[in-house]
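Participant: Below is a structure I'd like to ask you about.
The values are calculated or read from the model by the stated rules, or taken from the named source; none is laboratory data. Here the structure is a predicted model, which means the values were calculated and not measured. Heads up, the Cβs are rebuilt from the backbone with ideal geometry, glycines too, and the neighbour counts pull from every protein chain shown. Just the protein is used for accessible areas: all its heavy atoms, side chains included, with ligands, DNA and RNA removed. Shrake-Rupley method; radii C 1.70, N 1.55, O 1.52, S 1.80 Å.
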Amino acid sequence: MKNKKYFIANWKMELSYKQSVDLSLKMKELAFAKNFKLILSPSFPMIPAVLRYSDIEVSAQDCAAWEKGAYTGEVSAKVLKEIGCSYAIVGHSERRNHLNESDELINEKIKQTFGAGLIPILCFGEKEDELEKKEQVIVSQLKNALKNLSVKNNDKIFFAYEPVWAIGSGRNCPADRVIEVFRTVKRAAVNVLGAEFFDNNTEFIYGGSVDSENINEYFDKKEINGFLVGSSSLKMKEMKKMFD
Ligand code: PGA
């Protein structure tokens with residue numbers, strides 16, 4: 001029996017409150033699917049309703065880089081934990097691009113998630129014009145994001161490789177190239193986190209145009225522990241096909 005793969009449904013800012021509730025109710029029937037551990041990631045205001053109606057673990061799509069204070073519009077990792085989140089996505093490329101989030105800010109956010117008892121889902125990946133220096137880009141993103149982190153035995157990190165050119169483009173990254181990146185992540189992260197922590201407390205996730213046509217390509221790869229899925233996670237028909 002294969003290990004269950006994580007399936008993190010990143011709903012981005014695509015759904016209304018009502019649509020999120022409706023989809024949560026429908027997702028309930030998928031939560032017990034044999035091969036997946038499902039995690040839903042709605043926008044902030046929908047988190048309590050999604051938890052209530054789906055009874056599935058929830059990830060926030062972001063969290064603040066500060067613990068508390070005068071930061072208008074921000075939501076702290078502690079409050080996210082308090083309302084029932086288990087995870088927070090950190091460093092998604094859409095935030096890096098549209099909001100100029102830096103690796104340094106992402107580093108602070110990871111520290112906040114640890115402090116609050118949330119598991120960070122750290123997104124990283126190269127842009128199309130960085131393909132030739134992909135390894136360098138990824139190592140630098142990871143080293144900066146993990147800088148001066150001190151991890152405890154019960155902390156966990158999800159590394160979500162999301163090549164920017166694959167997100168929402170219909171061009172998924174082939175499994176063998178994703179596995180090469182896993183090796184790069186291991187090289188970059190082991191120095192900071194230690195080999196034992198890396199082996200026992202981290203998961204490696206792929207995201208970027210995952211759908212029912214290509215998900216099987218990754219399924220028997222032991223290095224790939226799951227998926228971060230955007231547009232396909234909004235369509236019940238697609239979800240059912242992927243979970244079959
Ligand atoms: P996509 O998005 O599945 O629509 O490519 C993935 C993501 O941005 O996390």
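Participant: Given a Förster distance of 22 Å, report the FRET efficiency between Lys152 and Trp66 from their Cβ-Cβ distance, rounded to the nearest 0.05.
Facilitator: 0.60
Participant: Note down the nm distance, to one decimal, between modelled labels 7 Å out along Cα→Cβ at Glu223 and at Glu180.
Facilitator: So the two model labels end up 1.0 nm from each other.
Participant: Based on the Cα atoms of the chain, what semi-axes does the equivalent ellipsoid have, where each is the square root of 5 times one gyration tensor eigenvalue, given in whole Å with the largest first?
Facilitator: Over the Cα atoms of the chain, the ellipsoid semi-axes are 25, 23, 17 Å.
Participant: Oh, and also: Contour minus end-to-end for Asp55 and Met13, with contour as 0.36 nm per residue of separation and end-to-end as the Cα-Cα distance?
Facilitator: Stretched out fully, the Asp55 to Met13 stretch lengthens by 13.0 nm.
Participant: Next question, about the same structure. At 7 Å along the Cα-to-beta-carbon direction for both Lys240 and Glu29, put a label point, then send me their distance in nm to one decimal.
Facilitator: So the two model labels end up 0.6 nm from each other.
Participant: Which net charge results when you count Lys and Arg as +1 and Asp and Glu as -1 among the other residues whose beta-carbon is under 12 Å from that of Val192? Don't jump to the answer; show the numbers that get you there.
Facilitator: Working: positive: Lys143, Lys147, Lys186, Arg187; negative: none.
Charge balance near Val192 sits at +4.
Participant: For the pair Glu130/Ser86, report the inter-label distance in nm, with labels modelled 7 Å from Cα in the Cβ direction.
Facilitator: 3.0 nm
Participant: Counting only other residues whose beta carbon sits under 13 Å from that of Gly208, what net charge do I get with K and R as +1, D and E as -1?
Facilitator: -3
Participant: Same structure, new question: If I ignore ligands, DNA and RNA and count only protein heavy atoms, how much of Lys5 is accessible to a 1.4 Å probe, in Å² to the nearest 10?
Facilitator: Using a 1.4 Å probe on the heavy atoms, I get roughly 20 Å².
Participant: Would you calculate a helix-derived [θ] at 222 nm for the chain, using -39,500 (n - 2.57) for each DSSP H run of n ≥ 4 and dividing by the full residue count, to the nearest 500?
Facilitator: Theoretical 222 nm ellipticity from helices: -11000 deg cm²/dmol.
Participant: Could you sort the peptides 10-22, 143-155 by per-residue average Cβ neighbour count (10 Å cutoff), highest mean leading?
Facilitator: Going from most to least packed, we get 10-22, 143-155.
Participant: Next up: State log₁₀ I(q)/I(0) for segment 118-244 at q = 0.11 Å⁻¹ as given by the Debye formula over alpha-carbon point scatterers of equal weight, solvent excluded.
Facilitator: Treating every Cα as an identical point scatterer, log10 I(q)/I(0) equals -0.38.
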